Amino acid sequence: MKTKWYFFILIIIIVSVLLNNFINHREDTPTKIGVIMMGNSRVEKLTGLKKGIRELGYKEDAIEYVVKNALDNEKTLNEKIDELIKEKPALIVTMGGIETLALKEKMEEQKVKIPVVFAGVAAPKEIGIIKDYRSPGGFFTGINNYHTSLSGKRLELLHQLVPSAKRFFVLYDKENKVSVLSLENTIDAAKSLALPVIPVNISDPKFTEFLSGNIQQDDALLMVPGFRMESLTEKIAKIIKENKIPAMGVYGNEVEEGILASYGSSFEEQGYQAARYVSRILQGNSPADLPVELPDTIHFFINTKVKDELGIELNSEITNLAEFIKPDREGAK
Amino acid sequence: MDGKIRNWLSSQPIRIKVLVFGIIMSIIPLLLTSYYYYSNVKADLENRILANQKLVIQNLSSEIELEFNQTFRQLQMATTLKQQGKQQSIFYDLLQQNESIEEIVITDDAGYIQKKVSRYNLNIPLKNEKWFSDSFWSDFQSKSKTYGKVEFNQFGQPIVKVMIPFIEDGKQKGIGAIIQLQKIIGKISSLRQEDSSYLYLLDKDGKVIAHQDYSQLWKKHPYPADRDVLGVQTKISDLGWTLVMEQPASTAYEPINHMFRNGLYVAAIATIIVSLISVYAGLYFTTPIIYLEKGMNNLKTGRKPAPILLNRQDELGKLAESFNEMSSELQEKSLRLEQEKERLSVVVDGIEAGLALVTKDYKVTWMNPLLQIWIHNQDVHLPCFTLLGGKKEACEDCPITCPELDANGNSIMKTKGENGEERIFNHRVFPLNHAMNGEGEFLIVIEDITEQKQIEEKMIQTDKLTALGLMASSFAHEVNNPLATINVFAEDLIDRLEQKDTELDEEEMALYLAKIKENTERCKRITSNLLNFSRKSNWTVTHIDVNETITNSIHLVESTLKKKQIKLTTELPHDLPVLFGDSLKMMQVIVNLINNAIDAVEKAGQLMITAKVEQNSVCIQVIDNGYGIAPEVLGKIFDPFYTTKPVGKGTGLGLSVCYGIIEEFGGTIQVESIEAAGTTVTVRIPIKKSEWE
């Protein structure tokens, strides 16, 4: 009979503990979110992602970020992806097109089913990551940063910004699908705008020599999206500075490093926007049902210091759209 | 179900019932109170939320209208500045100022795009690129500001075209913009405070054209019909759209749900506390009952229960105390009962009598081992009169048949033993007052008195022979006298015949022979009487003439009386009734009593024998005036072998045998004596009514 009483009291204690847990919604185990990035240039996306997650109400200890950085080494990327998959995260956030493509390949190879949010990929449908923008289908969804489609617009903006430019060197990465697509978009636009473009493959180690040997006065330089381009920003800025030619990039950080202007969404905002997808998937939505979004904002940055160094005049009509970097020296709009 | 619960509850011990009662009494008031407050607060909260949402949505719809109006104003301003030659600059400025504008165009009087500035695409219009749909163009012709239908761009984002006309060079041209609705929704969403609610726009047909949650925009069925939301909506009159604000009930009611959960938590804690109190109360109230139950079980199984020690003075304490006393008393009584049972068992098994329990229907329910042996383990299902008496019908004088009979059915039964010898049993029936119905309401006691009877017979015979021995000289003298007379007459007759006495005639000879015959008959009567008395016989029932029996008895002792010169007087009425029984046995009693009287009186003493009827009995008294019996001896005179007579004069069996014989007659014998004055022995033999009549 005593056993009966002990059993009864034990049940009451267990129910109390369960009830207490239920009421307090305690989650002792943090949710594991995997992050894969090609290099340090994409750290800002992670910063934006964390900021977005935080602002969506997730507590710091509720999320555990497992970050794998390939440090701009393509060979390391696959290893990092394998490491990340072994960690069995609840979902993976990829920081760009090359990471997303490599992860997709690995997941299909290993038959892994983990939801993936890409925090900014140019033309995800065109490179085969998703089937459709409205209904992505598989395990992938995220932000289409529109950077491929904006490539032609960049050429137009560069031409309008520096009307004196007669020839346009287009830097692209032949080994990067997104970059090649962007080049095609640029060439199409150039035809419409009747502007001569000279494609320069940056995966060719001699591209700097090519540029240095061919750049003339009234030439301009256009950078199309690609992870290698991001890692070579400093090098390209140096060439630009040496040759004193106006250039148009994609991201604000490129402008900060010495490129005249950029037109595109920022890394941090892409990461911030991707946080919404992370939250929806953690709430139980399937990535297949979450339509791919465009970037909330497209920024047009101009480095006034570079403009001054180049000694060129910018078309004042178009600068109304721009945001100026180093406004303390040059004066903001 | 209800029955099952009731059955379950009724089968539970009291402590469970107390616990269940405690829990129910704690939970029900809590739940009722919580439910009351939950329902009222919920309704109030719902009203507040809806009121707040209405206020907010009206502001937001105004914001949308304002947004569009501002766009129109900006476009209007652009037309003015355009004429000042700053067209492109103005357009880029507009794109910078208004993020929801995707593209700005100027159309010619035919509706073709003349100039455009796009945020995403090239600013080069296609050749003869038309910007208007037919209905849009029609509206544009007649209205100062025109809205196109909601369309979707290449990425599936909802857009709406707006256009205002302006006159240039005398022609009506248009300046318009493509507005991204998602951007507008996003912008006005940021104006709100409440995070859990969401906004969306419906067109005139009820189709979702913009949604705060981008993923919901593309769903075929964005919301299930049975979704549980609190929502308000308002019309945007210029556009014909409906702005909807909804908040999932789960988040709307979160505060009260949170409160309710906390209430449940408190209820759970209260339940636990009350349960523990109930457990304590249940144990406090039921532990003594459990102890009592255990004690009762121990008592039932015959074990000695430990005393229940409760340090309390309430009813349960007193009950436990009473139980301890009762248990102790019961134990003692049980022990005594066991002892009694053991003794009884020893007695029943060891007694030289057969015992049987018999019901009112003469059914034998139990027999002791001896009786079972006696009846040779016959079929016990037979009625008692058949099983024990060998009869076909119940005995008439049995108390079972006639309960009104006072007697215990005392009777003698005779059966044949294993070797064919006759066995005599005494049979008595006793009604049991506390017997269970059907278990045997009567106890039958059967005693084997065969040996006793044989001893009694031997004693009687011994006594008889003793009496004869004692009377032998008297008998010899009694016989000797007539023999001497016969001898005298015979010798005289022989002498006179030898002498041929002539005087001896026939008459005289006949006298001689008559004398011889008379004395011979006298001898014959004496010897016959003696033989009759000395005959060994069993109890033989015959008609007894009391007077004749007394007379015959007197004849036996007549010579002794004469010898001691005792004067005998008798009072024997002629109308005495005839008794049933053995006359010889009665004669033996009377002879014994007369002999005792003769021994008690001196020479020339007096002896009186009377007989009379007295209260359905024949009363025979033998009265002497001898030296009587000392009072201290009087109590022992019926004991066998007790005698006060000198050695050789008595065996001590006389009165003992008399007592046995009179008891056989169903009568009594009473001795009254006064020392030195005499003794009166009174024998009463009952007369059966039929015999009397």
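Descriptive notes on the structure:
- Tabulated pairs, the stretch A:302-317, first more than 14 Å from chain B (Cβ to nearest Cβ), second part of a helix (DSSP H, G or I), C-beta under 6 angstrom, 6+ apart or interchain: A:ASN303/A:VAL255; A:THR304/A:GLU330
- Answer from B:LEU483, B:LEU493 - the residue that is over 26 Å from B:LEU584 (Cβ atoms), free of Cβ contacts under 8 Å to residues at least 24 places away in the same chain and among the aliphatic types (A, V, I, L, M): B:LEU493
- For the stretch B:377-393, the criterion of being small (Gly, Ala, Ser) and in a loop (DSSP other than H, G, I, E, B) is met by at least one residue.
- Residue, surrounded by the fewest Cβ atoms within 10 Å (Cβ to Cβ), within the stretch A:279-296, restricted to residues that are within 10 Å of another protein chain (Cβ to nearest Cβ) and aliphatic (A, V, I, L, M): A:LEU294
- Residue among B:ASN487, B:ASN519, B:ASN481 that alone is polar (S, T, N, Q), part of a helix (DSSP H, G or I) and surrounded by 17 or more Cβ atoms within 10 Å (Cβ to Cβ): B:ASN519
- Among residues of the stretch A:197-233 being aromatic (Phe, Trp, Tyr) and either at pLDDT 90 or above or over 24 Å from the mean Cα position of the chain (by Cα) (or both), the one that is farthest from A:LEU101 (Cα to Cα) is A:PHE210.
- Within the stretch A:185-228, tally of residues that are under 24 Å from A:ILE129 (Cβ atoms), out of contact with any Ser or Thr (no Cβ under 7 Å at 6 or more places or on another chain) and more than 14 Å from every other protein chain (Cβ to nearest Cβ): 5
- Filtering the stretch A:149-179 to residues that are within 17 Å of the chain's Cα centre (by Cα) and either modelled with pLDDT under 90 or surrounded by fewer than 20 Cβ atoms within 10 Å (Cβ to Cβ) (or both) leaves A:SER149, A:ASN176, A:LYS177, A:VAL178.
- Residues that are over 25 Å from A:GLU105 (Cα atoms), at pLDDT 85 or above and surrounded by 19 or more Cβ atoms within 10 Å (Cβ to Cβ) occur in the stretch A:54-62; there is at least one.
- The residue that is nearest to the other protein chains (Cβ to nearest Cβ), among those in the stretch B:73-119 that are touching a strand residue (DSSP E or B) at 6+ places or on another chain (Cβ under 7 Å) and assigned to a loop (DSSP other than H, G, I, E, B), is B:ARG119.
- Highlighted here are the helices (runs of 4 or more DSSP H) found entirely within the stretch A:250-313 that include at least 2 residues which are closer than 17 Å to A:GLU55 by Cβ and not β-branched (Val, Ile, Thr): A:267-282.
- Looking only at the stretch B:446-469, residues that are surrounded by 18 or more Cβ atoms within 10 Å (Cβ to Cβ) and within 18 Å of B:GLN372 (Cβ to Cβ) come to 2 in all.
- When A:ALA247, A:ALA274, A:ALA261 are checked against the criterion of being out of contact with any Gly (no Cβ under 8 Å at 6 or more places or on another chain), of a type in the set (A, V, I, L, M), crowded, with 24+ Cβ neighbours inside 10 Å and within 27 Å of A:ASP173 (Cβ to Cβ), A:ALA247 stands alone in meeting it.
- Yes/no for A:VAL224 being crowded, with 17+ Cβ neighbours inside 10 Å and under 23 Å from B:SER100 (Cβ atoms): no
- Residues of the stretch B:143-177 that are within 14 Å of chain A (Cβ to nearest Cβ) and under 20 Å from B:THR107 (Cβ atoms): B:ASN153, B:ILE159.
- Considering (1) assigned to a strand (DSSP E or B); (2) of a type in the set (Val, Ile, Thr); (3) at pLDDT below 85, the lone condition that B:THR540 does not fulfil carries the number (1).
- Sole residue being at pLDDT 90 or above and out of contact with any Ser or Thr (no Cβ under 8 Å at 6 or more places or on another chain), chosen from A:ASN303, A:ASN315: A:ASN303
- Answer from B:ARG227, B:ARG192 - the residue that is at pLDDT below 85, away from every other protein chain (no Cβ under 14 Å) and surrounded by 14 or more Cβ atoms within 10 Å (Cβ to Cβ): B:ARG192
- So B:LEU310, is it assigned to a helix (DSSP H, G or I) and more than 19 Å from the chain's Cα centre (by Cα): no
- Members of the stretch B:35-80 found to be more than 60 Å from the chain's Cα centre (by Cα) and within 16 Å of B:THR251 (Cα to Cα), listed by number: B:ASP44, B:LEU45, B:GLU46, B:ASN47, B:ARG48, B:ILE49, B:LEU50, B:ASN52, B:GLN53
- One residue from B:LYS688, B:LYS612 being loosely packed, with under 14 Cβ neighbours inside 10 Å and either touching a residue at least 12 places away in the same chain (Cβ under 8 Å) or more than 16 Å from B:ILE550 (Cα to Cα) (or both): B:LYS688
- Yes/no for B:PHE140 being assigned to a loop (DSSP other than H, G, I, E, B), surrounded by 16 or more Cβ atoms within 10 Å (Cβ to Cβ) and more than 14 Å from chain A (Cβ to nearest Cβ): no
- Which listed residue is aliphatic (A, V, I, L, M) and within 60 Å of the chain's Cα centre (by Cα), from B:VAL488, B:VAL546, B:VAL541: B:VAL541
- When residues of the stretch B:239-272 are limited to those that are surrounded by 15 or more Cβ atoms within 10 Å (Cβ to Cβ) and among the β-branched types (Val, Ile, Thr), the one nearest to the other protein chains (Cβ to nearest Cβ): B:ILE272
The values are calculated or read from the model by the stated rules, or taken from the named source; none is laboratory data. Computed from a predicted structure; not experimentally measured. Ideal geometry is used to build each Cβ from the backbone, glycine not excepted, and the neighbour counts take in all protein chains shown.
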